[in-house]
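Heads up, the thing below is written out as structure tokens.
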Amino acid sequence: MLGCHHPSAMNGLDAPEIAAAYEAVRSDKDTTNWLLVSHAAGSGQKLTLSRTGSGGVAELSSALDDAQVQYGYARVEYANDKESRRVKFVLVVWIGEGTGVMRKARVSVESGDVKRALAHHSIAVTASDRADLDEGDLVARLRKVGGADYNGGRG
């Protein structure tokens, strides 16, 4: 039966609410600047949209669960120079320190699906410690990968 279902349909990443939240985070006209995808309780491997917010990476970080694997997507804006601002997107693969071994073992395959579903990101950060999600550090990393921007700031 392999190949009979599209992978994102099986893991829930094709859900309309995830797509809508992704578009909201990417939109210049929406205040939503992060989303969090988690495993629905009792659903096995199904991922669902668990939260969105407008408080940036710090708020996303505070919403993370130490007992879970979760996936965050955040809009980060920073000054490029005195006149311009850059908008970049960060994908967060959160592996809480209390996550079970079997659950951790599935992350590499699952995070690949998430990276395809939330495709437009400049960097992907795998973290199990909130200190890894310091906004200043993320901006420094985004500046490094910034380079020439042929994507109209939608990187």
May I ask you to list the residues in region 12-52 that are open to solvent by 70 Å² or more (accessible area, probe 1.4 Å) and either of a type in the set (V, I, T) or touching a strand residue (DSSP E or B) at 6+ places or on another chain (Cβ under 6 Å) (or both)?
E17, T31, R51
Flag if E110 is of a type outside the set (A, V, I, L, M, F, W, C) and closer than 20 Å to D65 by Cα:
yes
When you scan region 108-120, how many residues do you find that are closer than 22 Å to G55 by Cβ and open to solvent by 50 Å² or more (accessible area, probe 1.4 Å)?
1
Take K46 and decide whether it is out of contact with any Gly (no Cβ under 9 Å at 6 or more places or on another chain), of a type in the set (K, R) and more than 14 Å from R130 (Cβ to Cβ).
no
Can you give me the number of residues within region 65-107 that are without any contact (Cβ under 8 Å) to a residue 40 or more places away in the chain, outside any loop (DSSP other than H, G, I, E, B) and either in contact with a His (Cβ under 9 Å, 6 or more places away or on another chain) or crowded, with 21+ Cβ neighbours inside 10 Å (or both)?
5
Might you let me know whether region 53-64 holds any residue that is touching a residue at least 12 places away in the same chain (Cβ under 8 Å), open to solvent by less than 50 Å² (accessible area, probe 1.4 Å) and in a strand (DSSP E or B)?
yes
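The values are calculated or read from the model by the stated rules, or taken from the named source; none is laboratory data. Values in this document were obtained by computation on a predicted structure and should not be read as measured data. A quick note on method: Cβ atoms are made from the backbone with ideal geometry, for glycine too, and the neighbour counts reach across all protein chains shown. Protein only, heavy atoms only, side chains kept; ligands, DNA and RNA dropped before computing areas. Shrake-Rupley method; radii C 1.70, N 1.55, O 1.52, S 1.80 Å.
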